[in-house]
Amino acid sequence: MKLKDITINNYRGISSLRIPLDELTVLIGENNAGKSTVLEALRLVLTRGFGSRKDSRFAEYDFHLKDTAATPLTADPIGILLHFSEDHEDDWPEAISQQLSEVIQIDMTNGTNHIWLKATGTYQSVTTLFETRWSFLNTDGAELALKNANTHNLLVKFAPLFFLSAMRDASQEFGQRGQFWNSFLKTIELPPEQLREIEEKLQEVNASVIDANSDLGEVINRIGEVRKFVPLAAPDTVILEAIPTRLFDLTGKVQVHLKAQHGAKLPLHRHGEGTQNLAVLMLFQAFTALNLAEAYAPESTPLLALEEPEAHLHPSAIRSLGTLLKNITGQRLVTSHSGDLVSRVPITSLRRLYKQNGETKVGQVSTNLLDARELQAVDYHVKSNKGHYLFSRCWLLVEGESDFHIMQRLLEYLENSQDELSLSILEMSQVRGKGEPFFKIANALGIQWFLMVDGDSAGKDYARRVASHLQPGETTTDRASCWVYGSIEKEFWFNGFQPFIESKVSAASKKDIGEQANGDQTKELNGIIKSAITSCGQKPGFAEALFEEIKSRGNMSIPQSIKDVITRVVQLAGG
C-alpha cells in the first residue's frame, strides 16, 4: 500500500498543509518549518495498537495556537488525514482488497482503490479531556459507518510505520527490545537435544570460571545467608553466572562487533556515531528483506520515517546514503538538512517546507516542469554540485563572474550575512534557457529570487524572459533589473571609481587601447576595464581589489543602483 498524501490541519506549528508523497520523499526546509511535525503526525496515526476509536493521543501543545489569545481549550480541532491509493487498477494484493473492503473507495474514472484514514483531536469540556477520534472517510469526506472495529489495526498491518528519529541510539536499536533486532533474536531456535547439549556445555564453562577463583566461593556462602531472612530454595541458594547458561539468556545478549581497520574487534556502541547510524539503517534494510512478512503480513509495504539520516556522517558517506535511500524496500519519508544527501536524490522527490505570512507551505518540482535539457542544467549547476542552494530562502541570480564575486563581498560589507539571510548568489551565464530553469525551480520550491543582469542586448533578453515567471500581481521590476550603465564594473566607473580602475592599467596599455578604439569611447572604456581585470589576476582578483578600495572610501561610495539590488534581495529573503 502506498501513502499518496498527508493533510494536516491545526497540528502544532501547522495550520493547514497537504503534502503529496512519492516512493522516496525528502523534506527539506529551515528549522521550525514543520518537517519533524509531519513525521510526528504520521507516527501518531500509524502507531500500532489504536485500541478504542477514542483515546487521548493528542496533548495540549499539539493544538495549533494561532495567536497569543489562543489556548489548547479553545483551539480549532486537530485533523490528520492519510490518503492511501493504488498507482493503477488492481495494484493492491487480494488480501488487502478483501480485508479492507469495508473502507476501500473506488475511483470510478480509473478503477483505482483509495483509503482515507483521519485522526481528529478535540477538547471535550464535559470530560475535560483531549480526545482523539479515528475515522475512515468516503470520497466526499464523510465518515464511514464500520462494522469491523479492528479495521484500524488491519490497515497498520499492511502499511507498518517504522520511525527512526534524529536521536537514533544504536545500543537501543540493537538491544533485546529493538524494533528490528528483536525480530531476529526471536527466530533463533534449536532442536531440544541440541539445546540441552549446548546448555550443559555452558554450565560446565560457567562452573570452570567460578571454581577457578576461591574468593567467589566465600561470596556465595555469605550471600547464601540471606535464606535466614527470606524463604529461598536449598541447596544451591546462590548461583553465580559468569556467562548465561540458558540459551534464551544468551541470545538476548547477542552483540554486534565491527573490526576496526587495525583488526581490533569492537562492540558497535564503541564505534563512532556515524558508523552506528549506518548500522541501524542497514539493520532496517535487513529487517524489511527477511522478517517483515513474518512480523506483519506478506502483503505489507513498510513506510520508513527517517529523521536526518546524515547525522555524524562524512560528506562522501552522506552522498552514498542518498543513493542507498533510493534502494531501500518500501516507501521512505526522510527529513534532511544536507545538500550532499539532496544531491543524490531526484529533485522531484524533494518537498521544501517554508513559511509564508506565518503559514507553512510546501513546494515541489513536478515531473513535467522541466524538459530533459533543463533538468540536466539544474542537476549540473545546482543539485549535484551545490545542493545547499535548494535550502536557501532567496536566490540572487547574476549574469557574470564579476557580479558574483563583487555582490558577495558587498553584502557582507553592508552587514547582510548571506548565511543569516539564507541568501545564495547563483551565476547563470552558462545555464541553458537564459536562466529560465532557475526561475521555474525557485517558483516551484517557494524560493524567492531576483535577477540582476547587464544592460546590453543579452542582459535585456534575460530580463524579458522573467515576465513568463511572475507571480500574480508582480511586475518585471519586482523580479529583475538591468545595470544602469551596462555592467557592474561600469556602475563603479561612472560613480567615482574611474581613477581607481584606470590606475590598474599601465600607460602603454592605455595607449594601445586608445589606438585600437580609434575614437570609439565605448570600445575604449570596455578595453580599459578588461585590461584592469586582467592586471588584477582576472575577475576574482579585480573584485577583491575593488572591495579594498570601497572599504577605504566607506559605504557611501557604493553606487545607489547596487544598494537598491541589495535592499531588494534582503527584503525578499525576509531580512
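Numbers below:
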quantity: Qualifying positions in region 221-253 - in contact with a helix residue (DSSP H, G or I) (Cβ under 8 Å, 6 or more places away or on another chain) and in a helix (DSSP H, G or I); calculated: LEU247, LEU250, THR251, GLY252
quantity: Some residue of region 190-210 being modelled with pLDDT under 80 and of a type in the set (Lys, Arg); calculated: no
quantity: Count of residues meeting criterion [over 25 Å from GLU412 (Cβ atoms), in contact with a strand residue (DSSP E or B) (Cβ under 7 Å, 6 or more places away or on another chain) and part of a helix (DSSP H, G or I)] in region 440-458; calculated: 2
quantity: Test: residue in region 142-149 that is basic (Lys, Arg) and either touching a strand residue (DSSP E or B) at 6+ places or on another chain (Cβ under 7 Å) or crowded, with 17+ Cβ neighbours inside 10 Å (or both); calculated: no
quantity: Matching strands (runs of 3 or more DSSP E) fully within region 72-149 where at least 2 residues are modelled with pLDDT of 95 or more and of a type in the set (A, V, I, L, M); calculated: 78-85, 113-124
quantity: Failed criterion for ASN327 (all others in (1) closer than 21 Å to GLU40 by Cβ; (2) without any contact (Cβ under 8 Å) to a residue 12 or more places away in the chain hold); calculated: (1)
quantity: Every residue from region 157-170 that is modelled with pLDDT under 80 and in contact with an Asp or Glu (Cβ under 9 Å, 6 or more places away or on another chain); calculated: ALA166, MET167, ARG168
quantity: Scope region 150-174; condition buried (at least 16 other Cβ atoms within 10 Å of the Cβ) and not in a helix (DSSP H, G or I); matching residues; calculated: ALA159, PRO160, LEU161, PHE162, PHE163, LEU164, ARG168, PHE174
quantity: Flag for ALA517 being in contact with a Lys or Arg (Cβ under 6 Å, 6 or more places away or on another chain), over 22 Å from LEU396 (Cβ atoms) and modelled with pLDDT of 95 or more; calculated: no
quantity: Residue match in region 402-409 (condition: surrounded by fewer than 23 Cβ atoms within 10 Å (Cβ to Cβ), polar (S, T, N, Q) and assigned by TED's automatic domain parsing to the domain that holds LYS530); calculated: yes
quantity: Single residue of ASP22, ASP5 found to be in contact with a Pro (Cβ under 6 Å, 6 or more places away or on another chain), modelled with pLDDT of 95 or more and farther than 18 Å from GLY121 by Cβ; calculated: ASP5
quantity: Candidates GLY252, GLY224, GLY272, filtered to the one that is touching a Ser or Thr at 6+ places or on another chain (Cβ under 8 Å) and not aromatic (Phe, Trp, Tyr); calculated: GLY224
quantity: Leading residue by the ranking (surrounded by the fewest Cβ atoms within 10 Å (Cβ to Cβ)) among those in region 286-338 that are among the charged types (D, E, K, R) and assigned to a loop (DSSP other than H, G, I, E, B); calculated: GLU299
quantity: Inter-residue pairs, beta-carbon under 6 Å, first farther than 18 Å from ARG351 by Cβ and in region 364-375, second surrounded by 11 or more Cβ atoms within 10 Å (Cβ to Cβ) and hydroxyl-bearing (Ser, Thr, Tyr), 6+ apart; calculated: none
quantity: Subset of region 347-379 (residues that are buried (at least 18 other Cβ atoms within 10 Å of the Cβ) and more than 18 Å from SER392 (Cα to Cα)); calculated: LEU370, GLU374, LEU375, ALA377
quantity: First in region 149-164 and not assigned by TED's automatic domain parsing to the domain that holds LYS35, second anywhere and at pLDDT below 90, Cβ under 6 Å, 6 or more apart; calculated: none
quantity: Residue ID - farthest from SER531 (Cα to Cα), chosen from residues in region 487-509 that are touching a Gly at 6+ places or on another chain (Cβ under 9 Å) and part of a helix (DSSP H, G or I); calculated: ILE488
quantity: Boolean, GLU173 is of a type in the set (Asp, Glu), in contact with a helix residue (DSSP H, G or I) (Cβ under 8 Å, 6 or more places away or on another chain) and at pLDDT below 90; calculated: yes
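For every residue, the table says whether it meets (1) surrounded by 13 or more Cβ atoms within 10 Å (Cβ to Cβ); (2) touching a Gly at 6+ places or on another chain (Cβ under 8 Å).
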{"residue": "SER183", "(1), (2)": "yes, no"}
{"residue": "LEU232", "(1), (2)": "no, no"}
{"residue": "THR237", "(1), (2)": "yes, yes"}
{"residue": "HIS269", "(1), (2)": "yes, no"}
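Condition check ((1) over 30 Å from ARG332 (Cα atoms); (2) assigned by TED's automatic domain parsing to the domain that holds LYS326; (3) among the small types (Gly, Ala, Ser)) across all residues:
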| residue | (1), (2), (3) |
| --- | --- |
| ILE188 | no, no, no |
| GLU197 | yes, no, no |
| VAL205 | yes, no, no |
| ASP211 | yes, no, no |
| ILE220 | yes, no, no |
| GLU225 | yes, no, no |
| PRO231 | yes, no, no |
| ALA234 | yes, no, yes |
| HIS269 | no, no, no |
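To keep it simple, each residue is scored yes or no on (1) surrounded by 15 or more Cβ atoms within 10 Å (Cβ to Cβ); (2) more than 22 Å from ASP454 (Cα to Cα); (3) more than 47 Å from the chain's Cα centre (by Cα).
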{"position": "HIS469", "(1), (2), (3)": "yes, no, no"}
{"position": "ARG479", "(1), (2), (3)": "yes, no, no"}
{"position": "ASN495", "(1), (2), (3)": "yes, no, no"}
{"position": "PHE500", "(1), (2), (3)": "yes, no, yes"}
{"position": "ASP520", "(1), (2), (3)": "no, no, yes"}
{"position": "LEU546", "(1), (2), (3)": "yes, no, no"}
{"position": "GLN560", "(1), (2), (3)": "no, no, no"}
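The values are calculated or read from the model by the stated rules, or taken from the named source; none is laboratory data. Just so you know, these numbers come straight off a predicted model, no measurement behind them. Heads up, the Cβs are rebuilt from the backbone with ideal geometry, glycines too, and the neighbour counts pull from every protein chain shown.
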